[in-house]
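In what follows, a single structure is set out as structure tokens and then discussed.
The values are calculated or read from the model by the stated rules, or taken from the named source; none is laboratory data. No experiment lies behind these values; they were computed from the predicted model shown. Here Cβ is always computed from backbone atoms with ideal geometry, including for glycine, and neighbour counts include all displayed protein chains.
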Amino acid sequence: MSLIKLIPDDTNVPFIKLRKIFYAFSIVLVLSSIVIYSVMGMKFGIDFTGGIMIEVKTAEPGRIGEMRERLKGLNLGSFELQEFGAPDDILIRVQPQDGGEEAQMAAVNAVKQALGDGIEYRRTELVGPKVSDELYWDGLYAVVAAVLAILVYVWFRFEWQFGLAAVIALTHDVVSTIGLFSLIQHEFNLATVAAVLTIVGYSINDTVVVFDRVRENLRKYKTMPMEELLHKSTNETLSRTTMTSFTTLLALVALYLFGGEIIRDFAFAMIWGIVIGTYSSVCVAVPLLLQMGVQRGPREDDSTIEQTS
């Protein structure tokens with residue numbers, strides 16, 4: 001029985017020869033992400049900014065304009081209204097109010113009174129500035145800790161060159177994801193942080209698979225030029241890498257299209273992360289090994305006949 005494969009076994013894509021093009025693209029991508037974030041900032045969700053979030057369902061669609069006019073006279077500062085998956089499902093965000101939790105609750109009551117009858121309140125969330133600041137730093141620490149832990153793991157499992165190449169690729173993925181969210185002004189919240197951590201785990205999984213083949217071939221082909229060896233290793237694992245990414249993307253696209261607004265930002269971050277993570281594993285992490293001078297390890301079995309092709 002034949003297996004379905006996106007990439008044939010005898011593929012021969014010159015990833016290593018094209019490494020300078022990949023390096024240039026990745027440098028532009030990372031620098032652009034940093035500049036975009038510096039200029040445009042990030043549209044942080046209520047998890048990180050604090051404030052009030054109220055989800056309501058109206059009796060009939062198309063009431064955003066009317067609701068906005070009613071809330072203007074409350075003097076609650078800046079607020080936003082947007083459809084949340086359906087025309088009659090509205091998400092209301094109100095900036096944090098001075099005066100602690102009592103002031104937040106007073107603002108919630110004022111909103112309810114202003115909107116009047118015929119409104120179903122599905123959820124109300126209050127996040128204070130202290131909590132939001134803690135959530136922001138906890139999310140940042142989680143991402144940094146994950147990357148450092150992966151560095152230590154790959155370093156001990158392989159060599160320091162592998163660990164450094166993996167961390168550079170992961171940093172590339174995380175920074176480009178943040179840059180994309182800043183560019184399109186998608187909300188960045190705790191669910192997105194979870195997506196970033198998942199991207200880090202997925203990307204390193206792809207990278208380790210290719211690194212394992214590189215290490216195996218380093219012991220197997222003792223005289224093969226390093227560039228040719230890395231080229232061979234990358235193409236040998238390309239079928240597995242693309243098939244895994246493709247099947248994962250099928251599920252994520254379905255989540256993005258049909259999962260509703262609550263999970264849409266998470267699914268979007270994951271879709272981008274799978275694409276950029278697969279790219280960085282093959283086109284960034286492995287070529288970097290050539291620049292870092294990876295050493296060949298001893299044979300696992302001295303009786304193994306050296307192969308050169």
So the helices (runs of 4 or more DSSP H) completely within region 1-88 holding 1 or more residues that are at pLDDT 80 or above are 19-40, 64-72
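Quickly run through region 181-192 and pick out the residues that are touching a helix residue (DSSP H, G or I) at 6+ places or on another chain (Cβ under 6 Å) and modelled with pLDDT of 85 or more. Talk me through it step by step, then tell me what you get.
To start, the set of residues in region 181-192 that are touching a helix residue (DSSP H, G or I) at 6+ places or on another chain (Cβ under 6 Å) comprises 182-183, 186-192.
If the condition is that a residue be touching a helix residue (DSSP H, G or I) at 6+ places or on another chain (Cβ under 6 Å) and modelled with pLDDT of 85 or more, then SER182, LEU183 are the ones that fit.
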Among residues of region 203-236 being hydroxyl-bearing (Ser, Thr, Tyr) and either crowded, with 21+ Cβ neighbours inside 10 Å or not assigned by TED's automatic domain parsing to the domain that holds ALA165 (or both), the residue farthest from ASN12 (Cα to Cα) is SER203
Exactly one of ILE178, ILE204, ILE150 is within 19 Å of the chain's Cα centre (by Cα), closer than 30 Å to PHE84 by Cβ and of a type in the set (A, V, I, L, M, F, W, C), and that residue is ILE178
### Message
Please determine whether any residue of region 189-199 is surrounded by fewer than 21 Cβ atoms within 10 Å (Cβ to Cβ) and over 13 Å from the mean Cα position of the chain (by Cα).
### Response
no
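The rows are residues; the columns are (1) under 18 Å from the mean Cα position of the chain (by Cα); (2) not in a helix (DSSP H, G or I).
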position	(1), (2)
LEU218	no, no
MET224	no, yes
LYS232	no, no
SER239	no, no
VAL253	yes, no
TYR256	yes, no
Original post:
Just wondering, is there one or more residues in region 123-135 that are in contact with a Gly (Cβ under 9 Å, 6 or more places away or on another chain), within 30 Å of SER281 (Cβ to Cβ), of a type in the set (A, V, I, L, M) and loosely packed, with under 14 Cβ neighbours inside 10 Å?
Top reply: no
